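Have a look at the structure below before the remarks.
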Amino acid sequence: QVQLVESGGGLVQAGGSLRLSCAASGSIFSINAMGWYRQVAGKQRELVATITSGGSLNYADSVKGRFTISRDNAKNTVYLQMNSLKAEDTAVYYCNADIKSSWYLSYDYWGQGTQVTVSS
């Protein structure tokens, strides 16, 4: 019953910026954490950034100082502000959420993915 809907991907020149959004909806009791992962064809999916319900942040070393993850708890939405984009940031970006539907039941959800392409 939970869906993650992403938006904000697209084509941008190196050095430019994009802002990704991911809104969770459905049967949500609480959200333990939300985050962003990315994957390039032929490579493993990698963590980009996560934010927990308590506000703890985690970033991949490759994006520190350039990307910022944030949340709007009232909207069950997580954002990824991507600045100073590089060609190597090109990937499909996936929203992820660890969501509780009750006190005892949680599940890891994934968005459909949104393409980010950085031209050099």
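Listed by first and then second residue, the pairs linking a residue in the range 52-64 that is within 13 Å of Asp89 (Cα to Cα) to a residue that is modelled with pLDDT of 95 or more and open to solvent by less than 70 Å² (accessible area, probe 1.4 Å), with Cβ atoms under 8 Å apart and 6 or more places separating them unless they lie on different chains, are Ala60/Leu47; Ala60/Val48; Ala60/Ala49; Val63/Val48; Val63/Ala49; Val63/Met82; Val63/Asp89. Criterion first (among the small types (Gly, Ala, Ser), modelled with pLDDT of 95 or more, in contact with a Leu (Cβ under 9 Å, 6 or more places away or on another chain) and more than 23 Å from Thr117 (Cα to Cα)) does Ala14 satisfy it? For Ala14, the condition - among the small types (Gly, Ala, Ser), modelled with pLDDT of 95 or more, in contact with a Leu (Cβ under 9 Å, 6 or more places away or on another chain) and more than 23 Å from Thr117 (Cα to Cα) - is not met. Screening the range 103-112 for residues that are closer than 10 Å to Leu4 by Cβ and of a type outside the set (Phe, Trp, Tyr) and picking the one that is surrounded by the fewest Cβ atoms within 10 Å (Cβ to Cβ) gives Gln112. Those residues that are touching a Phe, Trp or Tyr at 6+ places or on another chain (Cβ under 9 Å) and polar (S, T, N, Q), I need them from the range 1-29; list them, please. Hits for the range 1-29 are Gln3, Ser21.
If you take the residues in the range 89-119 that are assigned to a strand (DSSP E or B) and polar (S, T, N, Q), which one is farthest from the chain's Cα centre (by Cα)?
We begin by selecting, within the range 89-119, every residue assigned to a strand (DSSP E or B); these are 91-100, 106-110, 114-119.
If we keep only those that are polar (S, T, N, Q) too, we end up with 96, 106, 114-115, 117, 119.
Values: Asn96: 6, Ser106: 19, Thr114: 10, Gln115: 12, Thr117: 15, Ser119: 21 Å.
Result: Ser119.
Residue count for the range 89-102 satisfying the condition of being buried (at least 20 other Cβ atoms within 10 Å of the Cβ) and of a type in the set (Val, Ile, Thr): 1.
The values are calculated or read from the model by the stated rules, or taken from the named source; none is laboratory data. Computed from a prediction, not measured in an experiment: that's the story for all the values here. All Cβ positions, even for glycine, are placed from backbone atoms using ideal geometry, and neighbour counts span all protein chains on display. Heads up: the accessible areas ignore ligands, DNA and RNA and are worked out on the full protein's heavy atoms, side chains in. Shrake-Rupley method; radii C 1.70, N 1.55, O 1.52, S 1.80 Å.
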